Amino acid sequence: MPGKFVLIGSGLAGGLMAAYLGRRGYEVELYERRGDPREGNIVGGRSINLALSTRGIYALEQLGIADEVLRHAIPMRGRMIHDKSGTLHFSSYDRDPNKFINSIGRAALNTTVIEAAQRYPNVRVHFNHRCTEIDLEQAIAHLERPSVETAVLATPKPSEPGLAAPTQKTVKAHGDAVIGVDGAFSAVRQSMQKQISGFAYDESYLAHGYKELTIPPRADESWQMEKNALHIWPRKSFMMIALPNPDGSFTCTLFWEFEGPRSFATTTTDDSIRRFFEEEFPDAVPLMPALLEDFKTNPTGSLVTMRCAPWFFKDKVALVGDAAHAVVPFYGQVMNAAFEDCVVLDKCLAEFPQDRHRAFAEYFSRRKENTDALADLAIENFIEMRDKTASRAFRAKKKLDHLLEGLLPGIYLPLYTMVTFTRIPYAKAARRAQLQDRIVCGTVLLGVALILGFFVIALT
C-alpha cells in the first residue's frame, strides 16, 4: 500500500527517483539545499557535462522522457585522441556506428527530471532546504531554510554595507521512509554513520584534482573541433578531455596532480599556466581565449571513491546514487549507475509492496557488488585514458576487439561495450571481460607456439 517518502536531494537521481515513486502512487516530498535549477541556480566551473548511455536512457524511457532528454544531446561516436604534435587519432567506441554515448548538460537534464516528477500531483519539491540530520527510527528529516523575513532584511542596499546573514528556520519532514539522494557528501549517510552500529564506510581520493575550462564556439556558433567525439589529450600522468555542447562550445576538464613539481599547486602564475598549456596542449591553446581566467577562477575539484554498507536502515531509510557509492567519472557511468539504482529500487518496491524493509534489503543486495565493480573499473579506465589511448598498441587492441565482436556476434563483447551499451550487471561484465582476455591471450600464445613449432620442424 503506497505511503509517504521524504527524498533528500533533487539532483539528477533525486528528481528521477521522485518521478518513479510518484508514478507508483507514493506521496513524495523532495527537498533540495540549492535553489531551483530552472531559475539558473547551477554551480559553474565543475564539469557540468554528462555522458548519457544505455543504462541511463533505459531509466528515462520507463518514464517516457528519453526522447525529450536526447533532443538536447550530442552523440559522441568515439574518442578523438590529440597527441602533443597535434596529430589526431579517432577510435570509435563500437564497431556498430549506432552505438554511441551522448553529451548532455546537467542543467537541461536536471530540469527535465524535476518536471517529470512534478507531473504527478502527489510529488512536491522544496528548494533551499538543507538537510542537517535524519532521525532514522522515526524517518524524520531535520532541515534548515532561510527565513524569508530575515533574508529580506539582510539584503543590503547598494549604498549600505552588508547586514547580518539571514537566520535559519528549522523544518521537520516526516515520512514512512527517507531516501538519501544527496550526493557523495550525503547528510543522510552521515546520519547513518552516526546512528548505525557497525556501519561500514570507506573513502579514497585520487592524487589528481580537476578543473573546468572552455573552448567557445566560432563566430558562426559552430564547433571548433569535431563535435561528435569525446576529445582526449592523454599525457601519461595527467590528461585533458573535452565534451561538446549544443551552443557550439566544448566543456574541457583538466585532470592533474594536486601536488608535485608540476601540478596545480606549483602552476599559479600567468607565465607558468601559459607555458604548461603551450607545452602539453599546443593545439588547444589557440581555441581557448579565456584560458587564464578560467584556470585561475574556476575551483579545483577533488575525485573521490566512496563505499559504504548497508545502504538502508530497517524500512525507514535508503541511499541512492553517489550517496551510496560515489565513483570517479572516468567510465562515464556515474549518472547512468545512479539512474540504474532508481530502476532497481523501483522494481524491488514493486516486488515487495507490503514489505519495504525487504525491498530495501533486496535493492542493496542487487546493487552493491555491481557498484563496487564499477568503482574499480572507473579507476582502471582513468589509467587507460591518460596512459594508453595515445599508443599504437592500444589502438591495435581496439581494432582486435571490434574484429572479434564481428566474428563472434553475441559471444565476444568488449568490456566497454558491455558497460556502456548493454545492461549487463557491472560485476558480470568485468568477470566476462577477464575471461575473454584470458582466452584471447591463450589463443594468441598457442598460435605463436604452433608457428614456432612449424619453423623448428622445417629447419630440422
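The values are calculated or read from the model by the stated rules, or taken from the named source; none is laboratory data. Model, not experiment: these values are computed from the prediction. Please note: Cβ atoms are built from the backbone with ideal geometry, for glycine as well, and neighbour counts cover all protein chains shown. Please note that ligands, DNA and RNA were not included when accessible areas were found on the heavy atoms of the full protein model with its side chains. Shrake-Rupley method; radii C 1.70, N 1.55, O 1.52, S 1.80 Å.
Taking all protein chains together, Tyr210, Tyr205 sort by accessible area into Tyr205, Tyr210, largest first [probe 1.4 Å]. Heavy-atom accessible area with a 1.4 Å probe sorts Glu362, Glu259, Glu212, largest first, into Glu259, Glu362, Glu212. If you take all other residues with their beta carbon under 10 Å from the beta carbon of Ala229, and give Lys and Arg +1 and Asp and Glu -1, the sum is +2. Over the residues of the chain, the helix contribution to mean residue ellipticity at 222 nm works out to -12500 deg cm²/dmol, using -39500 (n - 2.57) for each DSSP H run of at least 4.
Hull volume per residue, based on the alpha-carbon atoms of segment 278-348 and their convex hull, is 145 Å³. Computed on segment 259-382, the Cα convex hull volume stands at 141 Å³ per residue.
Hydrophobic, long helices, defined as DSSP H runs whose alpha-carbon span along the helix axis is 30 Å or greater and whose mean Kyte-Doolittle value is at least 0.0, occur in the chain at 426-459. Between Glu380 and Arg124, full extension at 0.36 nm per residue minus the direct alpha carbon distance yields a gain of 88.1 nm.
Working note: Karplus 6.51/-1.76/1.60 with θ = phi - 60° gives segment 135-144 the couplings 8, 5, 5, 9, 6, 10, 9, 9, 10, 10 Hz, where Gly and Pro are set to x. Farthest towards the positive end of the charge dipole of segment 235-340, among the residues Ala309, Phe264, Pro286, is the Cα of Ala309, using unit charges on the Cβ of Lys, Arg, Asp and Glu.
Taking every alpha-carbon pair under 8 Å whose residues sit at least 6 apart, the chain reaches a relative contact order of 19 percent. Per atom type, the chain shows carbon and sulfur on 56% of its accessible surface, probed at 1.4 Å. Per residue, the accessible area of segment 303-460 comes to 47 Å² when a 1.4 Å probe rolls over the protein heavy atoms.
Distance between the C-alpha centres of segment 274-325 and segment 203-269: 11 Å, rounded to the whole angstrom. Count the net charge of all other residues whose Cβ sits under 11 Å from the Cβ of Lys4, scoring Lys and Arg as +1 and Asp and Glu as -1. Once positives and negatives cancel, what remains is -2.
Taking the Cα centre of segment 1-134 as reference, the dipole from Cβ charges on Lys and Arg (+1) and Asp and Glu (-1) amounts to some 220 debye. Rounded to the nearest angstrom and listed largest first, the equivalent-ellipsoid semi-axes of segment 31-123 from its Cα gyration tensor are 31, 19, 8. Listed values for segment 229-238 are Karplus-derived 3J(HN,Hα) couplings in whole Hz (6.51 cos²θ - 1.76 cosθ + 1.60, θ = phi - 60°), namely 8, 8, 8, 10, 10, x, 9, 6, 8, 8, and x replaces Gly and Pro. Computed from the Cα positions only, the extents of segment 213-328 along the three principal axes stand at 57, 39, 26 Å, in decreasing order. Less than 5 angstrom separates the built amide H of Ile101 from those of Met76, all sequence-distant by 5 or more or on a different chain. Using the Cβ of Met76 as centre and a radius below 13 Å, the other residues enclosed give a net charge of +2, where K and R count +1 and D and E count -1. Using a probe of 1.4 angstrom and keeping all protein chains present, the accessible surface of segment 42-129 works out to 43 square angstrom per residue. In this structure Lys347 has an accessible area near 110 Å², from a 1.4 Å probe over the protein heavy atoms.
When nucleic acids and ligands are ignored and a 1.4 Å probe is applied, Ile383 ends up with an accessible area of around 70 Å².
Rounded to two decimals, the Cα radius of gyration of segment 170-271 over 2.2 N^0.38 Å is 1.62. Per residue, the average separation of C-alpha pairs within less than 8 Å and at least 6 apart gives segment 205-292 a relative contact order of 30 percent.
Just the number: Rg to Rh for the chain, Cα atoms, Kirkwood Rh, two decimals. Using only Cα positions, Rg/Rh for the chain is 1.01. Dipole size of segment 237-356 about its Cα centre, with +1 on Lys/Arg Cβ and -1 on Asp/Glu Cβ: approximately 440 debye, rounded to the nearest 20.
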